[in-house]
Amino acid sequence: MEINLDDLRELLLSVEKPSRYTGGEFGAPDLQEGKLNFCLCFPDLYEVGMSNLGIKIVAESLRRRGFCADFCFAPAEDFCQGLKKLGVPLYSLGLKKPLSGFDMLGFSMQFELSYTNLLYMLDLAGIPLLRKDRKGGKFPLITIGGPCAVNPEPLADFVDIVFIGDGERVDADVCDLFVKHGGATDKFFAEASKLDGVYIPHLTTPVYDGGKLTGFDGISKVKKAQVQSLDKEVFPESFAVPNCESVHDRAVIEVMRGCYRGCRFCQAGFIYRPVRPRSVETLTAQACSLIKTTGYNEVSLNSLSTGDYPELRELLKSLKSNLPAGTRLALPSLRVDSFEGDFAQDSRKISLTFAPEAGSQRLRNVINKDITGDEILRAAESAFDQGYSAVKLYFMLGLPTETDDDLKEIGKICAYIKGIYRKKPRQKQLRISVSCSTFIPKPFTPFQWERQISKAEMEQRRKALLDGMTAKGVILSWSDDFTAELEAVLARGDRKLSSVILQAYKNGCKFDGWDKQLDKEGWKKAFGQTGISPEEYTRERGGDEVLPWDFIDIGVTKKFLLDERKRAYAEEVTGSCKSGCKGCGMQKTCPAAKVKK
């Protein structure tokens, strides 16, 4: 079955941004059904999903194995209601094929607040939401991947397969097994579960004693998938150019995967270990290919910390020499201590973004953010000399051991920056924006055992921040308390939370990551209807407590994370992997460790 867009003509003419739903993007491949049909689903709007590099890499890996890889994104409410009125199911962009007709659907879970959108898309496709209700029916296998997959338990009742870790090979490996065994047979699941990076929820059962998680029956250890050399892995030679402006409307190359730094709050810094850089030659070839095939005039050099790329100067030189004249280079992930004038020249001078995370040196030591106040000020001065006149500063509130004195230091940083700007004549007035997000304890970090502070405590922290803000004209913003609490609950949740997510969706919750669409009352009602308390998931955890994600092995040992937590409370800086191996557990596969064989 294929959806005929002519039948949707009136609907498309009536909705906002109809180009979200038509497909036919410049550079999109001419898809044909294959030996297995896989649809990569992104549970957010088209312009958000089309900016995601991960789903493009996975699609490329599937196509090179001979599988069909299509895309689908969460439709906005106007198009959703139109589809329902016409009785048309949610369909893919390339084949215009209903999602229910695919062999597998792969959802990229980038953010906990997109969980209800997974159910939203399944519902629009006419696919039963719960795995048990799909058993024996002719429905596609529902799979998830992405950073949220490192704790898949809140979604375990909805999905058939979870991909954990690098997706360049394992997704296609599972598809090979599916074809080999003629579908989702018991033999297929048994063989797939033996692969690194594959978790089959129905083969693992959490064990509770009086409501307390005590262990896991069935498969009790799942090791993440990890590729060794990104130079040897697939990467698209071309991207489909979105029909409407996307969030990141430019060519994107992944400079390296992983991060040397080890900030104790940062989940990405731990789950994407070890650091694996691409070579200058590979990156130059990828950038040139994308610029040639897409028509973009800008390349974004993406990683968790692009300034730490070992050969950044060589890469910039190579790109300038080989890309067409006038091509801009965007370096979106420069740390304060890696920001230099020559790098600034390659960045778009709209505004400069720094993330000190904490105001005082003491608290930066606690979180292992090994930058000093002097480095922050030197970086700001360098930027001002390059022509920047707007600075965005990111901090977190509610960090472990945080005091009012730590928060008042944020105001001092702003005052110092204003003073530096005034040292020389400048054409424009300085704009300083301070964004403060609530600290959220995430799995597989040294702070995964910490509690999240209450709303009352959060209000007190904000008052201390305001009291210390002596610099005039600083624009302050902070995250919504309920949103932060909900994210923390979903991030550290167990399988019992599946019932809350399902009930929240039934209550009308979707697009929860969008402030104007978050239905707080729908979520509060869902917790009440299921008898589950959010405080059970925001509380402090004991170091010997079984955690819902303990059966997953990301390579970093639990002992290392506990030791890092102790060092945090001792205000000790572990530092970067560049200063020597820290023994996190990944020594055998980490290039930075330089293990002698």
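The values are calculated or read from the model by the stated rules, or taken from the named source; none is laboratory data. Since the structure is predicted, the reported quantities are computational estimates derived from the model, not experimental observations. Virtual Cβ from ideal backbone geometry, glycine too; neighbours counted across all protein chains shown. Note: areas computed on protein heavy atoms with side chains; ligands, DNA, RNA excluded. Shrake-Rupley method; radii C 1.70, N 1.55, O 1.52, S 1.80 Å.
Within region 402-433, the residues that satisfy the criterion of being part of a loop (DSSP other than H, G, I, E, B), modelled with pLDDT under 95 and of a type outside the set (S, T, N, Q) are 422, 423, 424, 425, 426, 428, 430. Pairs are defined by a Cβ separation below 7 Å, a sequence spacing of at least 6 or placement on different chains, a first member in region 216-232 that is modelled with pLDDT under 95, and a second member that is of a type in the set (Gly, Ala, Ser) and buried (at least 16 other Cβ atoms within 10 Å of the Cβ); the pairs so defined are 219/193. For the condition of a type outside the set (Gly, Ala, Ser) and under 21 Å from residue 243 (Cβ atoms), residue 78 qualifies. Scan 214, 205, 143 and give me the residue that is open to solvent by 10 Å² or more (accessible area, probe 1.4 Å), β-branched (Val, Ile, Thr) and closer than 25 Å to residue 116 by Cα. Unique residue meeting the criteria: 205.
Being within 29 Å of residue 163 (Cβ to Cβ) and of a type in the set (D, E, K, R) is the filter here; which residues of region 554-597 pass it? Listed by number, the residues that qualify are 558, 559, 564, 565, 582, 588. It is to be established whether one or more residues within region 566-580 are modelled with pLDDT of 95 or more, under 27 Å from residue 363 (Cβ atoms), acidic (Asp, Glu) and not in a helix (DSSP H, G or I). Scanning region 566-580, I find at least one residue that is modelled with pLDDT of 95 or more, under 27 Å from residue 363 (Cβ atoms), acidic (Asp, Glu) and not in a helix (DSSP H, G or I), so the answer is yes.
For first residues located in region 360-385 and under 13 Å from residue 567 (Cα atoms), partners that are assigned to a helix (DSSP H, G or I) and open to solvent by less than 30 Å² (accessible area, probe 1.4 Å) and lie 6+ apart or on another chain with Cβ distances below 6 Å form the pairs 363/406; 366/568. So, residue 399, is that one open to solvent by less than 30 Å² (accessible area, probe 1.4 Å) and part of a helix (DSSP H, G or I) or not? No.
Of all residues in region 180-201, those satisfying the criterion of being crowded, with 16+ Cβ neighbours inside 10 Å, in a helix (DSSP H, G or I) and in contact with an Asp or Glu (Cβ under 9 Å, 6 or more places away or on another chain) are 189, 192, 201. Contact map, region 52-78: residues that are within 22 Å of residue 125 (Cα to Cα) paired with residues that are open to solvent by 30 Å² or more (accessible area, probe 1.4 Å) and of a type in the set (Gly, Ala, Ser), Cβ distance under 8 Å, separation 6+ or inter-chain. Pairs shown: 67/34; 68/34; 70/94; 71/94; 78/14.
Conditions (1) part of a loop (DSSP other than H, G, I, E, B); (2) of a type outside the set (A, V, I, L, M, F, W, C); (3) in contact with a strand residue (DSSP E or B) (Cβ under 8 Å, 6 or more places away or on another chain); (4) open to solvent by 10 Å² or more (accessible area, probe 1.4 Å), marked per residue:
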site: 261; (1), (2), (3), (4): yes, yes, no, yes
site: 270; (1), (2), (3), (4): no, no, no, no
site: 283; (1), (2), (3), (4): no, no, yes, no
site: 314; (1), (2), (3), (4): no, yes, no, yes
site: 319; (1), (2), (3), (4): no, no, yes, no
site: 325; (1), (2), (3), (4): yes, no, no, yes
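Only residues that are more than 10 Å from residue 280 (Cβ to Cβ) and either touching a Pro at 6+ places or on another chain (Cβ under 7 Å) or among the hydroxyl-bearing types (Ser, Thr, Tyr) (or both): list them for region 311-325, please. Matches in region 311-325: 321 only.
A residue that is open to solvent by 50 Å² or more (accessible area, probe 1.4 Å) and without any contact (Cβ under 8 Å) to a residue 40 or more places away in the chain cannot be found anywhere in region 483-495.
Give the residues of region 243-281 that are in contact with an Asp or Glu (Cβ under 6 Å, 6 or more places away or on another chain), farther than 14 Å from residue 310 by Cβ and hydroxyl-bearing (Ser, Thr, Tyr), sorted by residue number. Answer for region 243-281, where residues must be in contact with an Asp or Glu (Cβ under 6 Å, 6 or more places away or on another chain), farther than 14 Å from residue 310 by Cβ and hydroxyl-bearing (Ser, Thr, Tyr): just 246. Report whether or not residue 292 is at negative phi, without any contact (Cβ under 8 Å) to a residue 12 or more places away in the chain and open to solvent by 20 Å² or more (accessible area, probe 1.4 Å). Judged against the criteria, residue 292 is a match.
Yes/no per residue for (1) under 28 Å from residue 209 (Cβ atoms); (2) among the aromatic types (Phe, Trp, Tyr); (3) open to solvent by 30 Å² or more (accessible area, probe 1.4 Å):
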site: 551; (1), (2), (3): yes, yes, no
site: 555; (1), (2), (3): no, no, no
site: 558; (1), (2), (3): yes, no, yes
site: 563; (1), (2), (3): no, no, yes
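Listed here are the helices (runs of 4 or more DSSP H) enclosed by region 472-532 that have at least 1 residues being in contact with a Pro (Cβ under 7 Å, 6 or more places away or on another chain) and among the β-branched types (Val, Ile, Thr): 481-491, 497-506.
Of all residues in region 226-251, exactly one satisfies the criterion of being open to solvent by 10 Å² or more (accessible area, probe 1.4 Å) and assigned to a strand (DSSP E or B), namely 241. Filtered by the rule that a residue be touching a helix residue (DSSP H, G or I) at 6+ places or on another chain (Cβ under 8 Å), surrounded by fewer than 21 Cβ atoms within 10 Å (Cβ to Cβ) and modelled with pLDDT under 80, region 344-370 gives 344, 346.
Can you spot a residue in region 234-257 that is at pLDDT below 95, under 20 Å from residue 555 (Cα atoms), out of contact with any Gly (no Cβ under 8 Å at 6 or more places or on another chain) and among the polar types (S, T, N, Q)? So far as region 234-257 goes, no, none of its residues is at pLDDT below 95, under 20 Å from residue 555 (Cα atoms), out of contact with any Gly (no Cβ under 8 Å at 6 or more places or on another chain) and among the polar types (S, T, N, Q). Residues in region 45-79 that are acidic (Asp, Glu) and touching a strand residue (DSSP E or B) at 6+ places or on another chain (Cβ under 7 Å): 1 in all.
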